[in-house]
Amino acid sequence: MIIQRARGRFPGGVVMPHRKRLSTHGKIESLPLPAQLILPLSQHLGAPAKSLVEPGQQVCKGELIAMPQGQISAAIHAPTSGVIHNIEPRPVPQPSGQNAMSIVLDADGHDRWRPRNPDPHPLEQPASRMVERLRRAGVAGLGGAVFPTHAKLARSVETLIINGAECEPYIACDEMLILERAAEIIWGAMLLRHTLGARRCIIAVEDHRAETRKALHQALLDSGLDECIDLRLVPSRYPEGGERQLIQVLTGWEVPAQGLPQDIGLLCLNVGTAAAAWRAIRYDEPLFSRVVTVTGPGIRRPGNFQVLLGTPIKELVAACGGYTPQATRLVMGGPMMGLALPHDDHPVVKACNCVLVLSRSDVETMFPEMPCIRCMACVDCCPAGLLPQQLFWHIQADKLQRARMLAVEDCIECGCCAQVCPSHIPLVDYYRYAKSALAQRDEAGRRADAARHRFEQRSARVNRAEQARTARLQRRDALLSTPSSGDRKAEIAAAVARVRAQRKPVTDEKQ
Amino acid sequence: MSAPTRKFSTAGSPQLPPTTSVTEVMLEVLLALVPGIGAYVFFFGPAILVQMALAIAAALIFEVIALRLRGRDIGRFVLDFSAVLTAVLYVLCLPPLMPWWGAIVGMFFAIIVAKHLYGGLGHNVFNPAMVAYVVMIIAFPRQATDWTPPTALAHPALSFSAQWIRIFTGNLPVGLQWDAVSQATALDTIKTLSGKLYTLEEIRRNPVFSGLSAYGWYWIAAAYLLGGVWLAGRRIIPWQIPAAMLGSTLLITTPFNWMDPSIHPSPLFHIFSGGMMLGAFFIATDPVTGASTPRGRVVFAFGVAVLTLVIRRWGGYPDGVAFAVLLMNLSVPLIDRFTVPRVYGHRDPP
C-alpha cells in the first residue's frame, strides 16, 4: 500500500508552531475516580437528552441515564457506578456562561459495570442495527462539533473520510489515540463504512510527525485492511483539520454553501468518533469517557488522559500537578477556536478535547488595538475566501445586510484573520456578533411578518362579518319594505310563537 | 469538597498573540529603505539626511498636534512610525537641496491635511506622501524641481557645509550661480529635449545618462529593488503589486520601444529611472490607500503603471508616479466593488 500525499490545497491558512510535544512525551494516562460527576443533559448539537433517573437512584457504570429526544440528540450514560445526587442547573462550558440542567452523580468507588453484550462479528450486522446501537450508545462527534453520529449516518455516501488532521496547536488527543489505539480507529472506520455503504474510505493525517503515519500504516498492515482503507498525508497548515478544508485538500471539491458534505457524497468523522463507535458496537461500551489533552504553559505537568465525562476540570488540573504561577486563561479546546472559561468548576463534556491553560504573555499583548490599516493580511489567509477586512468595516458601521452579502455567515470562525492582523483587532468577535445580530433581526422580521399576517387575516374576517351583516340588514329592509301578504302574517305568527317557546322555560323556573 | 475553584478572565478566540504589529510593519519597511538611502547618500552626498531629519521632526510634531486636537491617544499613534515612513518617502522624491521649509510645508499637507483631516491612520483616502509631493510640485514648482547632479559629476561640487547653508538660507558660496550648480534629471532632460525634437540617441549623449538610466539613479533604483524584494519575501508587502506594476511597464513599453526607439525609451530605462522602482515597492504598496481585494490590487498596480507611462510620454511633468498613485487612490472604491472574490462553496462572487 502506498501512502499518498494529498495533492489539493485550500487557500490561505496559517502555519503555526505545533506545541504538541509539551504533552505527548508519555502515554495516555488514567485518573483516579472523582467523587462527583456532573453530566449536562446537552453535551451535543441538537435537542437536550431527557433524564431517565431520579435523585437517590442507584446506577451502574455504562447505564443509560438520559435518552435522546428526537432524531438529532444523543444519549447520556453513567461513567461510573453510584447514586444520583440530583438533577439541577449547574455551570456548563458554553459561551453564554449560563447554567444548564445536569445530572449530578455521586460515585460509590466500586466502578461496577452493567451487564454487557459484546458483539464479536459486528461487520456482519445490518446497517440499520448499527445505527440504532450507535444511537443507544450516545456516540457523538468527538472532533469538537459533537454532532450525534447516528444522525450523520442516515444518508449513504460514496466516500468516508476519517479526520485525523489535528491542526490546532497544543491539542494532541487525536495524535495520542492514533499512536496507541490505531487498531480501534481502523476497525471503527470499517464499521462506519459498512454502515454507510461507502465505496471508499480515507484516513487523513498531518505530515508533521512520522510516528502517526507509521502507527496507522502498521495497524492497516497488521489487520489486513490496507487494501480497504487509503491513508493520506495532508500538509500541516491551520485549519487543515476543518471539515470543509480537509475535503478541499483531499478531493479538490467544495462543499456547497449552506450545504453538507453528504450533498457531494462525502462524510467526515473524527478518529476519536471512529474509535468510540468501535468500542460501542464491538464491546458494548457506550460513550462515557474520552481522551483529553491537558496542556499549556499554565499547567505544571501537561499530559493526555482518559477522562470520565463529568469530571470537574479542576480535578483534572490537580491531577496534572496544578497551575503554574503564569496561569492566566483557561480554555476548553484549542487556542484558535476554543472557549475561554470563567472558572474551573466546569465538567468535562463530550466536546472537551483539550484543557489549555495559557500564560500572560500569550493573552496580553504589548501593542494596543490600532485602527485597521487595510493591509490585507487577513484576506490572504482566509481559508473560506472571504474579505475579513470589508466585513469588519461594514459590521463596525452596522451595515449587517452588506456583511451578509459578503457572506459573513460562511465564516468558519477559524481565527486565522485575527491571528495575522497587525492592528490586533479581535476580528472573529465581530463576525460572531454579526451572525447572531443577523439571526436576531431575521427572527424579529419573521415575527413581524407573522403578526402582519395575523392582522391581515383578522381584518379580512372582520370585513367579511361586516359585509355579511350589511347584506343581512339589506335583505331585512327589503323584506320589510314590501307590503304585507297572507304569507307574511303566517311568518310573523310563527316567529312570535318561536320567541314565546324560548321564553317559556324561564317563566317555568320562576314558578 | 475537592480542589478550590479558581477564576479566570475570558476573551473571545483566538487566544494567541498576533504574529506582528503595525509598528513592526512600519519599521521593516523603513529597514528595507536603508539600502536605497545608503546609495542615495553615496551618490548625492549627505544633504538628503538633513532633509530627512527635518521632515521626520516636522511629521512627528504635526502628528502630535493633530492627535491632541482630535483628542486621541498620542503614545499609541506616534509610536507606530507611520508618520516617519511618510516623511522618508516624501523626502526621497524631492531634490536634496530643497529649502528647509519644503519639508515643513510638505509634512503639514501630508500629516494634517491628507492623513488626519481624513480620519487618521487607516482612514485616509490619498497617499499622504504623494499628496505632499504633488502640493510642492504644483505650488512651488521651481524649488521642487531644482535637482543637483551626483557629486561625481558636479563641477563645481558643493561641500556639505555649503549644502547645509543652501538648505537653510538659500545662499550659495560666493561667485556661484544656481544655474551652474543645478542639473535636470534624466527624465526631465528627455522631456525638454524631445520637445525640441532631438532623438533619444542624441539625448543620451548628455552626461546625466549612464548605464541603465541616469548616473547614480539606476544604482539607487537597484537598491530599492533589493529592499523591496526582501520586503516581499517577508510578506510585509504583497509581491503581486510590484510584479504587476513593473510587469505592466515592461509589457507596455516594449512594443513602443521596438517600434520607434528614437522616441520611446527602453523598458529597463523606464523601470530604473524616476520614481518607478520606489513607487512599485514602497508607494503603490501603501496598504491604507490601495485596493482591498486580491484582484483589485493587481488592477491598482496596473493602473498606476499605465498612468505613469502616459504622463511621462504625453503629460506635462517628467515623472508621473505621484499623480498616477493619487488618481488610482480615487478609483479604489470602484475597483473594490468589482473585484470581490468568490467564497468557498458559492458558485459566483457576491
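The values are calculated or read from the model by the stated rules, or taken from the named source; none is laboratory data. Predicted model only: the values in this text are computed from it and were never measured. Positions of Cβ are backbone-derived with ideal geometry, glycine not excepted, and every protein chain shown enters the neighbour counts.
Selection of the range A:227-263 for residues being touching a Pro at 6+ places or on another chain (Cβ under 7 Å) and in a helix (DSSP H, G or I) yields A:GLU243, A:GLN245, A:ILE247, A:ASP263. Taken over the range B:159-181, the residue count meeting the criterion of being assigned to a loop (DSSP other than H, G, I, E, B) and without any contact (Cβ under 8 Å) to a residue 60 or more places away in the chain is 8. Applying a threshold of 7 Å to beta carbon distances and a minimum spacing of six or more residues, or different chains, the list of pairs starting in the range B:216-231 at a residue that is outside the structural domain of B:LEU153 (by TED's automatic domain parsing) and ending at one that is among the charged types (D, E, K, R) reads B:LEU231/B:GLU28. Every listed requirement among (1) without any contact (Cβ under 8 Å) to a residue 12 or more places away in the chain; (2) within 14 Å of chain A (Cβ to nearest Cβ) is met by B:PRO255 save one, (2). For the range B:247-305, the set of residues classified as surrounded by fewer than 24 Cβ atoms within 10 Å (Cβ to Cβ) and basic (Lys, Arg) consists of B:ARG295 only.
One residue is enough: does the range A:56-71 have a residue meeting the conditions under 15 Å from A:ASP108 (Cβ atoms), in contact with a Leu (Cβ under 8 Å, 6 or more places away or on another chain) and within 14 Å of another protein chain (Cβ to nearest Cβ)? There is no residue in the range A:56-71 that is under 15 Å from A:ASP108 (Cβ atoms), in contact with a Leu (Cβ under 8 Å, 6 or more places away or on another chain) and within 14 Å of another protein chain (Cβ to nearest Cβ). Checking the structure you have, find out if any residue of the range A:239-249 is assigned by TED's automatic domain parsing to the domain that holds A:ALA66 and of a type in the set (Gly, Ala, Ser). The answer is yes, given that some residue of the range A:239-249 is assigned by TED's automatic domain parsing to the domain that holds A:ALA66 and of a type in the set (Gly, Ala, Ser). Condition check: aliphatic (A, V, I, L, M), within 14 Å of chain A (Cβ to nearest Cβ) and either surrounded by 16 or more Cβ atoms within 10 Å (Cβ to Cβ) or more than 28 Å from B:ALA324 (Cα to Cα) (or both). Does B:LEU121 satisfy that? It is true that B:LEU121 is aliphatic (A, V, I, L, M), within 14 Å of chain A (Cβ to nearest Cβ) and either surrounded by 16 or more Cβ atoms within 10 Å (Cβ to Cβ) or more than 28 Å from B:ALA324 (Cα to Cα) (or both). The residues of the range A:340-363 that are more than 8 Å from chain B (Cβ to nearest Cβ) and more than 26 Å from the chain's Cα centre (by Cα), listed by number, are A:SER359, A:ARG360. Restricting attention to the range A:112-140 and to residues that are in contact with a Leu (Cβ under 7 Å, 6 or more places away or on another chain) and assigned to a loop (DSSP other than H, G, I, E, B), the residue that is nearest to A:THR293 (Cα to Cα) turns out to be A:VAL139. Of all residues in the range A:378-391, those satisfying the criterion of being more than 7 Å from chain B (Cβ to nearest Cβ) and either closer than 30 Å to A:THR273 by Cα or more than 30 Å from the chain's Cα centre (by Cα) (or both) are A:CYS381, A:CYS382, A:PRO383. Hey, among B:ALA114, B:ALA57, B:ALA66, B:ALA53, which residue is out of contact with any Lys or Arg (no Cβ under 8 Å at 6 or more places or on another chain), buried (at least 16 other Cβ atoms within 10 Å of the Cβ) and of a type outside the set (Phe, Trp, Tyr)? Going through B:ALA114, B:ALA57, B:ALA66, B:ALA53 in turn, the sole match is B:ALA114. Checked against (1) assigned to a helix (DSSP H, G or I); (2) hydrophobic (A, V, I, L, M, F, W, C); (3) within 17 Å of the chain's Cα centre (by Cα), B:ILE237 meets all criteria but (1).
Is it the case, given these coordinates, that B:GLY71 is without any contact (Cβ under 8 Å) to a residue 24 or more places away in the chain, within 14 Å of another protein chain (Cβ to nearest Cβ) and over 24 Å from B:THR285 (Cβ atoms)? Break it down stepwise before answering.
Details: without any contact (Cβ under 8 Å) to a residue 24 or more places away in the chain: yes; within 14 Å of another protein chain (Cβ to nearest Cβ): no; over 24 Å from B:THR285 (Cβ atoms): yes.
It is false that B:GLY71 is without any contact (Cβ under 8 Å) to a residue 24 or more places away in the chain, within 14 Å of another protein chain (Cβ to nearest Cβ) and over 24 Å from B:THR285 (Cβ atoms).
Among the residues of the range B:19-33, is any in a helix (DSSP H, G or I), small (Gly, Ala, Ser), farther than 30 Å from A:ILE171 by Cα and modelled with pLDDT of 95 or more?
yes
For the range A:141-151, residues that are part of a loop (DSSP other than H, G, I, E, B), out of contact with any His (no Cβ under 9 Å at 6 or more places or on another chain) and not aliphatic (A, V, I, L, M) total 2.
Can you tell me which of B:VAL34, B:VAL22 is within 20 Å of B:THR285 (Cα to Cα), β-branched (Val, Ile, Thr) and more than 14 Å from chain A (Cβ to nearest Cβ)? One residue alone meets the criteria, B:VAL34. As a summary of the residue check, A:LEU391 satisfies the conditions (1) assigned to a loop (DSSP other than H, G, I, E, B); (2) buried (at least 21 other Cβ atoms within 10 Å of the Cβ) except for the one numbered (1). In contact with a helix residue (DSSP H, G or I) (Cβ under 7 Å, 6 or more places away or on another chain) and in a loop (DSSP other than H, G, I, E, B): does that describe A:GLU166? Answer is yes for this residue. Among residues of the range A:70-97 that are over 28 Å from A:ALA151 (Cα atoms), those with a beta-carbon under 9 Å from a residue that is of a type in the set (Lys, Arg) and not in a strand (DSSP E or B) at least six positions away or on a different chain give the pairs A:SER81/A:ARG112; A:SER81/A:ARG114.
Evaluate the following for A:GLY259: is it of a type in the set (Gly, Ala, Ser), within 14 Å of chain B (Cβ to nearest Cβ) and over 19 Å from the mean Cα position of the chain (by Cα)? Break it down into steps so the answer makes sense when it comes.
Working: of a type in the set (Gly, Ala, Ser): yes; within 14 Å of chain B (Cβ to nearest Cβ): yes; over 19 Å from the mean Cα position of the chain (by Cα): no.
Judged against the criteria, A:GLY259 is not a match.
Among the numbered criteria (1) at pLDDT below 95; (2) within 14 Å of chain A (Cβ to nearest Cβ), which single criterion is violated by B:MET98? Evaluating B:MET98 over (1) at pLDDT below 95; (2) within 14 Å of chain A (Cβ to nearest Cβ) leaves (2) as the failure.
A quick yes/no check of all residues on (1) in contact with a strand residue (DSSP E or B) (Cβ under 8 Å, 6 or more places away or on another chain); (2) in a strand (DSSP E or B):
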position: A:ILE65; (1), (2): yes, yes
position: A:GLN69; (1), (2): yes, no
position: A:SER73; (1), (2): yes, no
position: A:PRO79; (1), (2): yes, no
position: A:HIS85; (1), (2): yes, yes
position: A:GLU88; (1), (2): yes, yes
position: A:SER96; (1), (2): no, no
position: A:MET101; (1), (2): yes, yes
position: A:VAL104; (1), (2): yes, yes
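If you filter the range A:198-249 down to residues that are of a type in the set (Ser, Thr, Tyr) and surrounded by fewer than 22 Cβ atoms within 10 Å (Cβ to Cβ), you find that the one that is farthest from the other protein chains (Cβ to nearest Cβ) is A:SER223.
Does the range B:297-316 include one or more residues that are touching a Lys or Arg at 6+ places or on another chain (Cβ under 8 Å) and within 14 Å of another protein chain (Cβ to nearest Cβ)? Looking through the range B:297-316, none of the residues is touching a Lys or Arg at 6+ places or on another chain (Cβ under 8 Å) and within 14 Å of another protein chain (Cβ to nearest Cβ).
Condition check ((1) assigned to a helix (DSSP H, G or I); (2) surrounded by fewer than 23 Cβ atoms within 10 Å (Cβ to Cβ)) across all residues:
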site	(1), (2)
A:GLN401	yes, yes
A:ARG404	yes, yes
A:CYS417	yes, no
A:SER423	no, no
A:ASP429	yes, yes
A:TYR433	yes, yes
A:ALA437	yes, yes
